[in-house]
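The values are calculated or read from the model by the stated rules, or taken from the named source; none is laboratory data. This structure is a prediction, so every number in the text was calculated from the model and none was measured. Note that each Cβ is placed from the backbone with ideal geometry, even for glycine, and that neighbours are counted across all protein chains shown. Ligands, DNA and RNA are excluded from the accessible area calculation, which covers all protein heavy atoms including side chains. Shrake-Rupley method; radii C 1.70, N 1.55, O 1.52, S 1.80 Å.
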Amino acid sequence: MEEANQSVVSEFIFRGLCDSREFQKFLLLPFSALYLMTVLGNLFVVLLIIADSHLHSPMYFLLANLSFVDFCLSSVTTPKLTTDFLKDNKTISFGGCMSQILCVHVFAGGEMVLLVTMAYDRYVAICKPLHYSSIMNRQKCIWLVLTSWIIGFVHATSQLAMILYLPFCGPRIVDSFFCDIPLVIKLACMDTHTLRLLINADSAVLATTCFILLLISYTYILVTVCLHSKDGASKALSTCTSHITVVVLFFVPCIFIYLWPPSISWVDKFLAVFYTVITPLLNPAIYTLRNKEIKNAIKRLTS
């Protein structure tokens with residue numbers, strides 16, 4: 001009985017994105033290129049904002065932190081994914097699996113809160129422009145970013161604590177390319193129905209709270225500007241389109257993965273790729289392509 005209560009699985013095996021060995025080799029180059037672009041794109045945004053004094057404002061301070069979080073989130077899963085394309089036996093140690101779960105939820109939870117902080121920054125800038133510099137001062141910005149990291153860490157540790165000591169003694173094949181709770185918990189040698197409900201509730205509280213705050217913020221921005229400007233709607237949308245796009249790209253996969261998990265394997269994998277590989281790549285592109293100040297900073301840097 002004592003042995004039955006212990007985790008006897010020392011490693012897990014990833015099934016990967018597909019079963020075809022040839023197709024996996026074909027995917028190696030595209031995913032390596034995607035990760036390289038993600039790293040270069042996000043780190044470039046961070047370094048550009050640090051180097052250019054014209055970008056030393058709350059909005060760009062938050063954007064630099066978002067780019068850093070995206071770089072970290074992608075780095076937890078994508079390097080392992082690309083190297084596994086060359087392997088027949090895609091294994092990860094039990095400790096490595098738990099570490100992946102912890103890191104993914106730290107960065108994803110932190111990013112949710114950071115997106116809310118960015119929405120709050122835009123709300124103050126558009127709805128209370130005369131008080132912007134006093135409300136969004138440097139000290140407050142630092143505390144808001146620290147809060148996002150703390151909430152992300154508390155969320156991740158609470159999730160990990162619920163699965164860390166589960167008995168894993170039977171199947172050890174994870175039908176994905178990285179360890180995540182909805183898939184790993186299926187491998188536990190016990191009935192996890194109640195535990196799944198608790199884990200989903202934990203994720204739902206954070207995701208739903210953040211999403212509602214984002215919805216309220218951007219709705220209030222749009223309504224406020226419409227009341228004070230003839231073409232307020234277009235101006236508000238022009239200002240916030242980048243933020244709203246990033247919010248949609250980030251939250252939609254999260255909703256399907258954690259709050260409304262699909263039962264189709266390829267859908268799970270597509271959403272996981274989108275959430276951990278594609279979105280961190282798109283975020284710097286979305287902000288830089290639509291941002292005149294970033295473009296001007298690039299020109300100053302290259303001139």
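Scaling the Cα radius of gyration of segment 85-182 by the globular reference 2.2 N^0.38 Å produces a ratio of 1.53. The modelled label-to-label distance between Asp19 and Ser99, using points 7 Å beyond Cα along the C-beta direction, is 3.2 nm. Note on Lys299: accessible area is roughly 130 Å² with a 1.4 Å probe, heavy atoms of protein only.
Convex hull volume of the C-alpha atoms in segment 90-147, normalised per residue: 78 Å³.
Counting only protein heavy atoms and a 1.4 Å probe, the chain has 50 square angstrom of accessible area per residue. For the cross-link pairs Lys128/Lys299; Lys269/Lys295; Lys90/Lys269, which exceed 23 Å when the distance is taken from alpha carbon to alpha carbon? From Lys128/Lys299; Lys269/Lys295; Lys90/Lys269, over 23 Å: Lys128/Lys299; Lys269/Lys295. Note on segment 154-177 and segment 280-303: Cα centroid distance 39 Å, given to the nearest whole angstrom. In the chain, inverting the average of 1/r over every pair of distinct C-alpha atoms gives 20.8 Å as the Kirkwood radius. Convex hull volume of the C-alpha atoms in segment 151-232, normalised per residue: 122 Å³. At an R0 of 30 angstrom, the distance between the Cβ atoms of Asn200 and Thr147 translates into a FRET efficiency of 0.80.
In whole percent, and with a 1.4 Å probe on the protein chains, what portion of the accessible area of segment 1-74 is carbon and sulfur? Summing carbon and sulfur atoms, their accessible area is 67 percent of the total for segment 1-74. Calculated FRET efficiency, Ala161 to Glu11, Cβ-Cβ distance, R0 = 30 Å: about 0.90 to the nearest 0.05. Dividing the mean sequence gap of close Cα pairs (under 8 Å, 6+ apart) by how many residues the chain holds gives a relative contact order of 27 percent.
At a Förster distance of 45 Å, what's the computed FRET efficiency of Met37 paired with His193, Cβ-Cβ distance as r, to 0.05?
E(calc), rounded to 0.05, equals 0.65.
Rolling a 1.4 Å probe across all protein chains gives Glu293 an accessible area of roughly 90 Å².
Based on DSSP H assignment, which helices of the chain show an axial Cα extent of at least 20 Å together with a mean Kyte-Doolittle hydropathy greater than or equal to -1.0?
Working: long enough: 21-51 (44 Å, 1.57); 58-84 (40 Å, 0.66); 94-127 (49 Å, 1.23); 138-163 (39 Å, 0.95); 193-228 (51 Å, 1.46); 232-254 (31 Å, 1.28).
Span-like helices in the chain: 21-51, 58-84, 94-127, 138-163, 193-228, 232-254.
Kirkwood analysis of segment 13-142, using all unique Cα-Cα pairs, places the hydrodynamic radius at 17.1 Å. Only protein heavy atoms count here; on that basis, with a 1.4 Å probe, Val154 has an accessible area of about 80 Å². Segment 121-177 gives an Rg/Rh value of 1.35, both radii derived from C-alpha positions and Rh following Kirkwood.
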